1. Name the chymotrypsin sites (Phe, Trp or Tyr not before Pro) in the chain that are in a loop by DSSP and that have at most 11 other C-beta atoms within 10 Å, would you?
2. Please compute, over every Cα-Cα pair in the chain, the percentage with a separation greater than 19 angstrom.
3. Between Asp9 and Thr46, 0.36 nm times their residue separation minus their Cα-Cα distance comes to what?
4. Filter the trypsin sites (Lys or Arg not before Pro) in the stretch 1-48 to those in DSSP coil with at most 12 other Cβ atoms within 10 Å of their Cβ, and list the result.
5. Which residue, Ala10, Ser39, Met22, has the largest displacement toward the positive end of the dipole of the chain when charges sit on each Cβ (Lys, Arg +1; Asp, Glu -1)?
Amino acid sequence: MQATEFEADARGRMIEIPEVSMDDPSFEEQLKIGREFMSEYGDTFTALTKYK
């Protein structure tokens, strides 16, 4: 069982931070999903960095 941490976001809401380990058999799948997400929404994140 993986440990789960909680952290407050910028608005003070508690969000779940799951532990990801390279020893976890699903690590490669999680990495693939993350890369696909960033590939699809990378322009959005780039645009957001320009606003303060």
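1. Passing both the DSSP loop test and the Cβ count: Tyr51.
2. 53
3. Difference between extended and current length: 11.3 nm.
4. Arg11, Arg13
5. Ala10
None of the figures in this text is laboratory data; all of them are computed from the coordinates on show. Everything numeric here is computed off the predicted structure, so don't read it as measured data. Quick reminder, even Gly has a Cβ in these numbers, built from the backbone with ideal geometry, and neighbours come from all protein chains shown.
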